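*Asks:* Mind looking over this structure? Questions follow.
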Amino acid sequence: MRSIVDRYLPESDRERIRSCVRGIETTTSGQLVPMVVGSSHHYPGAGLLLAQVAAFVVAFAASAIVFFSRLWKGFQPVDVWVFPAVFGAVFFAVAALERRFPHLRQFFVHKSEREEEVAEAAFTAFHRHGLTHTRGRNGVLIFISLFERKVHVVADEGIHRKVGDEAWRKAVDIMVSGFKSGSAADAICEGLRYCGRLLAEHFPRKPGDSDELETLIVEK
């Protein structure tokens with residue numbers, strides 16, 4: 001089964017993004033790194049809630065059918081086991097299904113929880129991948145989490161002092177709008193080019209500058 005990253009961003013699109021980053025790097029000494037992940041968190045509680053809700057609905061419906069079918073025929077002792085038996089069977093079936101198709105739990109994750117998990121994952125990735133170690137303190141991570149459908153920008157202090165939060169919010173808006181109207185690769189490249197112009201304005205490329213970081217990080 002293809003991962004969510006492979007579905008939304010096949011290898012041909014990843015190469016387009018790498019090419020876009022390489023083009024940006026010819027204009028700036030800043031280090032711009034897009035990172036695409038399948039999900040920022042596993043959300044086990046959401047999967048459990050999904051299974052519970054589905055099991056309750058089906059078990060309740062099954063119990064109601066048995067109840068009304070027995071109104072004129074009389075109830076049997078075995079009827080009391082309909083609800084727990086159906087609930088258990090559906091619970092384990094849905095739990096197994098959502099492990100194979102994790103996007104099903106999407107509707108049971110609150111927006112604020114998604115935002116918090118994406119921000120935390122982006123901050124962790126920024127440090128884990130060495131974006132704080134650039135010479136000009138001008139590393140920028142464009143963190144794209146597909147399950148949550150969120151984009152988060154983390155910038156090092158050198159470039160953040162010159163640009164500020166509003167510019168990064170605009171970069172996020174550009175990409176999010178692009179995701180809704182076109183391909184993921186087009187949206188990412190458009191956002192990258194916007195960030196690239198900001199970096200080139202404040203950190204233009206100089207002789208001897210080198211590319212210190214990866215052009216694209218993908219984690220499925």
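The values are calculated or read from the model by the stated rules, or taken from the named source; none is laboratory data. Computed from a prediction, not measured in an experiment: that's the story for all the values here. Every residue, glycine as well, gets a Cβ built from its backbone with ideal geometry; the counts of neighbours run over all protein chains shown.
*Asks:* Could you count how many residues in the stretch 195-220 are assigned to a helix (DSSP H, G or I), surrounded by fewer than 19 Cβ atoms within 10 Å (Cβ to Cβ) and in contact with a helix residue (DSSP H, G or I) (Cβ under 7 Å, 6 or more places away or on another chain)?
*Replies:* Summing the residues that are assigned to a helix (DSSP H, G or I), surrounded by fewer than 19 Cβ atoms within 10 Å (Cβ to Cβ) and in contact with a helix residue (DSSP H, G or I) (Cβ under 7 Å, 6 or more places away or on another chain) in the stretch 195-220 gives 1.
Results for (1) touching a Cys at 6+ places or on another chain (Cβ under 7 Å); (2) outside any strand (DSSP E or B), shown as yes or no for each residue.
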position: D13; (1), (2): no, yes
position: R16; (1), (2): yes, yes
position: S19; (1), (2): no, yes
position: P34; (1), (2): no, no
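*Asks:* If you check F60 against the conditions, is it free of Cβ contacts under 8 Å to residues at least 24 places away in the same chain and within 21 Å of L104 (Cβ to Cβ)?
*Replies:* yes
*Asks:* Could I ask something else about it? Does the stretch 101-121 contain at least one residue that is more than 30 Å from S63 (Cβ to Cβ) and of a type in the set (V, I, T)?
*Replies:* yes
*Asks:* Here's something else I'd like to know. Just give me the residues in the stretch 41-80 being under 40 Å from the mean Cα position of the chain (by Cα) and among the small types (G, A, S), in sequence order.
*Replies:* G45, A46, G47, A51, A54, A55, A59, A61, A62, S63, A64
*Asks:* Determine the pairs where a residue that is farther than 23 Å from L146 by Cβ, located within the stretch 7-28, has a partner that is aliphatic (A, V, I, L, M) and in a helix (DSSP H, G or I) with Cβ atoms under 9 Å apart, the partner being 6 or more residues away or on another chain.
*Replies:* T27/L199; T27/A200; T28/L198; T28/L199; T28/A200
*Asks:* Hey, can you tell me all the residues within the stretch 1-27 that are modelled with pLDDT of 90 or more, touching a strand residue (DSSP E or B) at 6+ places or on another chain (Cβ under 7 Å) and under 30 Å from E98 (Cα atoms)?
*Replies:* Within the stretch 1-27, R14 is the sole residue that qualifies.
*Asks:* Of the conditions (1) more than 30 Å from L49 (Cα to Cα); (2) surrounded by fewer than 18 Cβ atoms within 10 Å (Cβ to Cβ), T124 fails just one. Which one is it?
*Replies:* Result: T124 fails condition (1) only.
*Asks:* I've got another one for you. Before we move on, is G74 assigned to a loop (DSSP other than H, G, I, E, B) and of a type outside the set (A, V, I, L, M)?
*Replies:* Against the criterion (assigned to a loop (DSSP other than H, G, I, E, B) and of a type outside the set (A, V, I, L, M)), G74 qualifies.
*Asks:* Restricting to the stretch 130-152, name every residue that is closer than 16 Å to E214 by Cα and modelled with pLDDT of 90 or more.
*Replies:* Result: V140, L141, I142, F143, I144.
*Asks:* Can you name the helices (runs of 4 or more DSSP H) wholly within the stretch 82-163 that have at least 3 residues being outside the structural domain of S69 (by TED's automatic domain parsing)?
*Replies:* 111-128, 157-163
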